[in-house]
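**Q** Have a look at the structure that comes next, please.
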Amino acid sequence: MGKPTGFMEYSREKAKEQPPLERIKNWKEYASRLTDEALQIQGARCMDCGTPFCHMGIEIRGTAAGCPINNVIPEWNDLVYKGKWKEALERLLLTNNFPEFTGRVCPAPCEGSCTLAITDPAVAIKSIERTIIDKGFENGWIQPRMPKLRTGKKIAVIGSGPAGLAAADQLNQSGHSVTIYERADRAGGLLMYGIPNMKLEKDVVERRIQLLMEEGIEFVLNTEVGKDITAEQLKAEYDAIILCTGATKQRALYMKGSDSEGVHLAMDYLTSTSKSLLDSNFEDDKYINTKGKDVIVIGGGDTGADCVATAIRQNCKSIVQFGKHPQLPVNRADDNLWPTDPHIYKLDYAYAEADEKYGKDPREYCIQTKKIVADKKGHVKELHTIQMNKVINDEGYAYFEEVPGTERVWPAQHVFVAIGFEGVEHALPEQFGVKITNNKIASVGKKYATNVNGVFTAGDARKGQSLIVWAIKEGRGVAETVDAYLTEYASL
Ligand SMILES: Cc1cc2nc3c(=O)[nH]c(=O)nc-3n(C[C@H](O)[C@H](O)[C@H](O)COP(=O)(O)OP(=O)(O)OC[C@H]3O[C@@H](n4cnc5c(N)ncnc54)[C@H](O)[C@@H]3O)c2cc1C
Ligand code: SF4
């Protein structure tokens, strides 16, 4: 522990952010780093707890508590306080394959579980993590690590999201030959075509892909396994196959008018925007443009927030986001006590931007869309809604009832449906003969193994829609299982 009194002397400092009215004029990352000196002070706030809850990484009643990949946070906090950035990087890379992603966009369950957060704002763990890895790249400390020997075993990973990348990285480093198949034209999964550029710039993703390629991993893009190459072909060619295909099946909205023109699934909007930005800086016009339009996002989650921030950057006329649930409390509820991740009201980046640009937080709570109305040409023109009341019955189950007299009509020329994901797409696992339970690929016996010998699974495909950090954990976990399956002396 660097400075025993640091937590009493210093306050938390947040990562720097471009002011909302500035950042909405561009698509660059809105958050940037604190200075080294400021981060050393943040490192000094760490109490080096006897039981460091920040790195325990467990789920309590379905909520994360601590870092899922068990980052050794107190150690690198101390090293950063002492200015030993390279040593801090070595500690960080022991547990996290891709800190440049989590250091930018992880919601940081570690901070929610930090002991200091019981009484004060948590240690700025995420800011410290981001700077350690950025300095690693800037100073040339991150270089391709070439495996010393090759085992002769061949592994196919299907899907290049963080789970597939982490599995491939681990297995490649232990000497196996790994090929990643990806149906998109760029690797990265939702890191590339999901999370918008202003949260995670894509050259950060491409830098990592390039490094993995230099280390020997082969990427086969524009190839949909199950269509362009069959399960049988892969089984014949590889010693093990890992399905990391994500939980990409979006939940659609089935109601009167939901087939109107101008009503889109959120991922179609976000993906086309990212692709057009990367391909041509929007010159190709192959994206959904909300400029000058009234936009409504249906769905109160993070994907919806990313749609809000995207529409604001396109200069939409107005923006509203409908959520089913009531506003979260400002302080932790009784069933959400420390050290679980706090479910409290936050002004996320998108909402801060809307607030400054349009003078209003765009979120509408406890609201239900009743129907979508189109104009004579079949293009959406308005949404009809009613307010809902959330009621908890005697058995503790929640249900919603309509509040009479609260009907309302909202103008909208673009509607984005962000009501969640149903889970894994079924066609590919079915072709492999792999069992699916509750829209997730079922792992049986050894964690990450499926019912088919030699076929494994990890990430959102197995766990359901989650977070990058959980996908990395899954990738590392499946790699361990596959390594043990392929070799007598498992090295992972
Ligand atoms: C809009 C959005 C924003 C998000 N923001 C954040 C955030 O800020 N922070 C955070 O921690 N998490 C965020 N998440 C969640 C996070 O991105 C996911 O949990 C994570 O990417 C899951 O990783 P994965 O590798 O399991 O799957 P994915 O990232 O979904 O990757 C799966 C890949 O498999 C490919 N694939 C599927 N089928 C085939 C096939 N048959 N053949 C070849 N390839 C195939 C897909 O094209 C895709 O590239 C966000 C999610 C969304 C949707
Ligand atoms: S819980 Fe917070 S104060 Fe304690 S070791 Fe972790 S980061 Fe430091």
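The values are calculated or read from the model by the stated rules, or taken from the named source; none is laboratory data. This structure is a prediction, so every number in the text was calculated from the model and none was measured. Reconstructed Cβ throughout: ideal geometry from the backbone, glycine too, with neighbour counts over all protein chains shown. SASA here: full protein model, heavy atoms, side chains in, ligands and nucleic acids out. Shrake-Rupley method; radii C 1.70, N 1.55, O 1.52, S 1.80 Å.
**Q** Simple spin-label model, 7 Å along Cα-to-Cβ: Ala333 to Asp394 in nm?
**A** Spacing of the two 7 Å Cα→Cβ label points: 2.2 nm.
**Q** So, one more: Using only alpha carbons, build the gyration tensor for the stretch 136-291 and give me the equivalent ellipsoid semi-axes, biggest first, whole Å.
**A** After scaling each eigenvalue by five and taking roots: 32, 21, 12 Å.
**Q** Oh, and also: How do His426, His343 rank by accessible surface area computed with a 1.4 Å probe, from largest to smallest?
**A** Heavy-atom accessible area, descending, gives His343, His426.
**Q** Take every Cα pair under 8 Å in the stretch 252-419 that's 6+ residues apart, average their separations, divide by the length, and report that relative contact order as a whole percent.
**A** So the answer I get is 30 percent.
**Q** Probe radius 1.4 Å, ligands and nucleic acids left out: which of Trp141, Trp410 has the largest accessible area, and how do the rest follow?
**A** Listed by decreasing accessible area, they come as Trp141, Trp410.
**Q** Also: Could you give the distance between the Cα centres of the stretch 12-57 and the stretch 411-482, to the whole Å?
**A** Each part reduced to its Cα centre gives a spacing of 31 Å.
**Q** Would any residue of the stretch 295-338 have its amide N under 14 Å from a label point 7 Å out along Cα→Cβ of Val403? List them or say none.
**A** Under 14 Å, as judged by backbone N against the label point of Val403, lie 323-327 of the stretch 295-338.
**Q** Hey, another quick one. Using helices alone, I'd like the mean residue ellipticity at 222 nm for the chain: each DSSP H run of four-plus residues gives -39500 (n - 2.57), total over residue count, nearest 500.
**A** So the helix-based figure for the chain works out to -9500 deg cm²/dmol.
**Q** Under a point-charge model restricted to the Cβ atoms of Lys and Arg (+1) and Asp and Glu (-1), what is the dipole moment magnitude of the chain relative to its Cα centre, in debye to the nearest 20?
**A** About 240 debye.
**Q** Which value, in Å² and to the nearest 10, is the accessible area of Glu218 when all protein chains are kept and the probe is 1.4 Å?
**A** 100 Å²
**Q** Give me the number: length gained by fully extending Ile344 to Asp259, i.e. 0.36 nm times residue separation minus the C-alpha to C-alpha distance, one decimal in nm.
**A** The span from Ile344 to Asp259 would gain 27.1 nm if fully extended.
**Q** Write down the Å³ per residue value for the convex hull defined by the alpha carbon atoms of the chain.
**A** 167 Å³
**Q** OK, next. Wrap a convex hull around the Cα atoms of the stretch 252-419, take a quarter of its surface area, and give that in square nanometres.
**A** Across all orientations, the stretch 252-419 yields a mean hull projection of 12.1 nm².
**Q** If amide H atoms are built 1.01 Å from N in the plane of the peptide, which residues on other chains or at least 5 residues away come under 5 Å of the amide H of Ser32?
**A** Amide H neighbours of Ser32: Lys16, Glu17, Gln18.
**Q** Take the alpha-carbon centre of the stretch 321-367, take the same for the stretch 214-278, and report the distance between them in whole Å.
**A** Comparing the Cα centres of the stretch 321-367 and the stretch 214-278, I get a distance of 30 Å.
**Q** Okay, next question. Given H placed on each backbone N at 1.01 Å, which residues far from Ala64 in sequence or on other chains put an amide H within less than 5 Å of it?
**A** Asp341
**Q** While we're here: For the stretch 252-419, give the magnitude of the charge dipole about the Cα centre (Cβ charges: +1 Lys/Arg, -1 Asp/Glu; no others), in debye to the nearest 20.
**A** 600 debye
**Q** Then there's this: Once R0 is set to 41 Å, what does the formula 1/(1 + (r/R0)^6) return for the Cβ-Cβ distance between Met213 and Thr5, expressed as a FRET efficiency to the nearest 0.05?
**A** 0.30
**Q** Along the charge dipole of the stretch 53-146, Cβ charges K/R +1 and D/E -1, which of Gly136, Ala64, Asn96 sits furthest on the positive end?
**A** With unit charges placed on the Cβ atoms, the residue in question is Gly136.
**Q** Among Ala31, Ala266, Trp85, whose Cα projects farthest towards the positive end of the dipole of the chain, with charges put on the beta-carbon of Lys, Arg (+1) and Asp, Glu (-1)?
**A** Ala266
**Q** When the dipole is taken about the Cα centre of the stretch 6-138, and only Lys, Arg (+1) and Asp, Glu (-1) are charged at their Cβ, what size is it in debye, to the nearest 20?
**A** 320 debye
**Q** Residue farthest toward the positive end of the dipole of the chain, with Cβ of Lys/Arg at +1 and Asp/Glu at -1: which of Val434, Ile419, Ala484?
**A** Positive-end residue among those listed: Ile419.
**Q** Moving to a separate point now. Working out 0.36 nm times the residue gap between Lys370 and Lys154, then minus their Cα-Cα distance, what length gain in nm do you get to one decimal?
**A** 72.5 nm
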